[in-house]
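Read the structure below first, then the notes.
The values are calculated or read from the model by the stated rules, or taken from the named source; none is laboratory data. A quick note: this is a predicted structure, and the numbers were derived from the prediction, not measured. FYI the Cβ positions are ideal-geometry reconstructions off the backbone, even for glycines, and counts take in every protein chain you see. Only protein heavy atoms, including side chains, enter the accessible area calculation; ligands, DNA and RNA are left aside. Shrake-Rupley method; radii C 1.70, N 1.55, O 1.52, S 1.80 Å.
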Amino acid sequence: MTGMFITFEGGEGSGKTTQIVRLAEHLRRAGHNVVTTREPGGSPGADAIRHVILSGAAEALGPEMEAILFAAARADHIALVIGPALARGDIVLCDRFHDSTRVYQFLDSPLDRGLMQRLERSTLDDVYPDLTLILDVPADLGAARARERRGGGEIDRFEKEAETLHERRRQAFLKIAEEEPERCIVVDGAQPIDTVAAEIAEIVDDRLDAARFEAVGQSLDASRLVR
Ligand SMILES: Nc1ncnc2c1ncn2[C@@H]1O[C@H](COP(=O)(O)OP(=O)(O)OP(=O)(O)O)[C@@H](O)[C@H]1O
Ligand SMILES: [Mg+2]
């Protein structure tokens with residue numbers, strides 16, 4: 001038995017953390033075992049690597065080494081947290097995952113897509129998200145929510161400039177959804193929290209039903225083989 005691995009992606013203030021809490025409640029009410037986790041970090045080893053990156057100590061090693069360190073952190077997170085939970089049959093909800101690496105580390109970086117794909121292949125070999133919910137909000141709305149969460153204040157010039165970058169990241173997330181339509185579903189995160197939560201719950205319930213249906217089919221096939 002294997003569980004289901006669901007990642008939440010989208011820009012700052014798009015509602016990922018809010019919706020993970022809501023979905024976890026919904027799934028637990030239905031009797032599922034749910035593990036919630038997040039990146040960067042998610043395991044002690046991954047957190048330690050994150051501190052190395054944030055301290056600036058890895059900067060001298062160059063962007064390639066930094067990308068490799070991020071991949072090492074993800075490998076640890078998978079080995080210690082995500083993989084074992086899926087092996088138990090749990091549902092894993094992860095706040096940001098490899099799509100955020102694609103969008104944040106590789107959008108404006110001199111690193112080539114080949115390196116990104118090689119790192120993905122070596123870290124995500126056995127554990128690839130079954131479903132990715134991309135929360136999509138206009139860049140200014142995400143920024144306004146994040147600003148409000150920080151305690152308000154006027155929008156400054158730097159935030160205005162940052163909005164262009166937010167919009168480019170938003171487009172990058174949407175492009176991923178276009179490239180992997182089986183895995184990714186874009187959810188309109190500008191709707192009220194309850195509406196978004198209901199939409200996500202329906203999407204995930206459908207996937208769980210489909211997975212159960214498939215599992216039953218497989219065991220019927222297997223019993224036919226035994227006979
Ligand atoms: N649908 C919504 N409508 C209105 N406000 C919302 C909605 N979703 C989230 N918020 C509020 O916006 C703020 C940001 O939400 P949240 O922290 O869930 O976003 P996030 O995607 O996790 O952001 P980050 O990437 O910065 O962690 C919070 O104060 C939250 O209460
Ligand atoms: Mg968050």
Output the qualifying pairs, or none if there are none: Cβ atoms under 8 angstrom, residues six or more apart or on different chains, first residue in the stretch 195-224 and in contact (Cβ under 8 Å) with a residue 24 or more places away in the chain and closer than 17 Å to residue 181 by Cα, second residue open to solvent by 60 Å² or more (accessible area, probe 1.4 Å) and in a helix (DSSP H, G or I). 200/22
In the stretch 130-149, anything within 14 Å of ligand 2 (Cβ to nearest atom), touching a Gly at 6+ places or on another chain (Cβ under 6 Å) and not hydrophobic (A, V, I, L, M, F, W, C) is listed as 142, 145
Here are the criteria: (1) at pLDDT 95 or above; (2) away from ligand 1 (no atom under 16 Å from the Cβ). Tell me which single one residue 157 does not satisfy. (1)
Given the structure, is residue 56 open to solvent by 20 Å² or more (accessible area, probe 1.4 Å), in contact with a His (Cβ under 7 Å, 6 or more places away or on another chain) and more than 23 Å from residue 150 (Cβ to Cβ)? no
Being at pLDDT 90 or above and either in a strand (DSSP E or B) or acidic (Asp, Glu) (or both) is the filter here, so list the residues in the stretch 85-110 that pass it. 90, 91, 92, 93, 94, 95, 99
The lone exception for residue 92 - which of (1) of a type in the set (A, V, I, L, M); (2) within 14 Å of the chain's Cα centre (by Cα); (3) within 16 Å of ligand 1 (Cβ to nearest atom) it fails: (3)
